[in-house]
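The values are calculated or read from the model by the stated rules, or taken from the named source; none is laboratory data. On a predicted model such as this, the values are computed, not experimentally measured, just so you know. Note: ideal-geometry Cβ built from the backbone for every residue, glycine included; neighbour counts use all protein chains shown. Note: accessible area is taken over every heavy atom of the protein model, side chains too, but ligands, DNA and RNA are not part of it. Shrake-Rupley method; radii C 1.70, N 1.55, O 1.52, S 1.80 Å.
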Amino acid sequence: MRDAGSSRKRLRAGGVLLVVAAVGQLVAGCSSSPAAAPTAGTPGASPAEALDTYTVVRDDVLAALSSLDPATPWESSGTAGLSEEGSACTLVLPAAGSAQYLYAEGDDFAAVRAALDPVLAQHGFAALGQTVFVDGGAVEVSSTDDAGAELVVSSEQTSVVRLNAPVLSETCDDAELEQS
């Protein structure tokens, strides 16, 4: 007759192997999936890595907003740069503006939320947060990711999209944006 304790050990060991095998198959299936959208960076990404990641996020957000009014383009001004405040270094992507007025009284950015929330989720960002009325007349809505990046959509007479992300940098020098 078999010892009940050794049978339980074998069952537990077998169960662990099954779980490991199942996880392995899931991971293998995920890695062979077709061109998944890049997700937001992890805290501590280098400036160049963050630039690559968040440029894709920004481009996808602008494409989604363009679908709301294809006749009114979004245009960027400036270039990406690094900004240092205290010991923190932040990647600042160029702002993009449009003559589209995205906020309609009483709808709480409904069309913007419908267009952007799925795109933001694909990139690891939270759904757009509460609408904020800023001094001076602007109305804003924003989203963040786990790395601390923040996307802000602002409407006043025109609309602007800004995206900033903290990066890990010793010098916080724009030259780091060119390194891979």
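Below, the figures for the structure above:
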read-out	value
Filter result (open to solvent by 50 Å² or more (accessible area, probe 1.4 Å), of a type in the set (A, V, I, L, M) and under 20 Å from Val57 (Cα atoms)) within the range 76-110	Val92
Selection status of Thr131, open to solvent by 70 Å² or more (accessible area, probe 1.4 Å), more than 12 Å from Leu65 (Cα to Cα) and either of a type in the set (Ser, Thr, Tyr) or touching a helix residue (DSSP H, G or I) at 6+ places or on another chain (Cβ under 8 Å) (or both)	no
Checklist (1) over 19 Å from Ser66 (Cβ atoms); (2) part of a helix (DSSP H, G or I); (3) in contact (Cβ under 8 Å) with a residue 40 or more places away in the chain applied to Ala175, failing item	(3)
Residues that are surrounded by fewer than 21 Cβ atoms within 10 Å (Cβ to Cβ) and part of a strand (DSSP E or B), drawn from the range 143-152	Thr144, Glu150, Val152
Positions within the range 153-166 being buried (at least 20 other Cβ atoms within 10 Å of the Cβ) and either at pLDDT below 95 or closer than 19 Å to Ser66 by Cα (or both), in sequence order	Val153, Ser154, Ser155, Ser159, Val161, Leu163
Subset of the range 86-101 (residues that are among the hydrophobic types (A, V, I, L, M, F, W, C) and within 29 Å of Leu177 (Cβ to Cβ))	Ala88, Cys89, Leu91, Val92, Leu93, Ala95, Ala96
Selection status of Val161, part of a helix (DSSP H, G or I) and of a type in the set (Val, Ile, Thr)	no
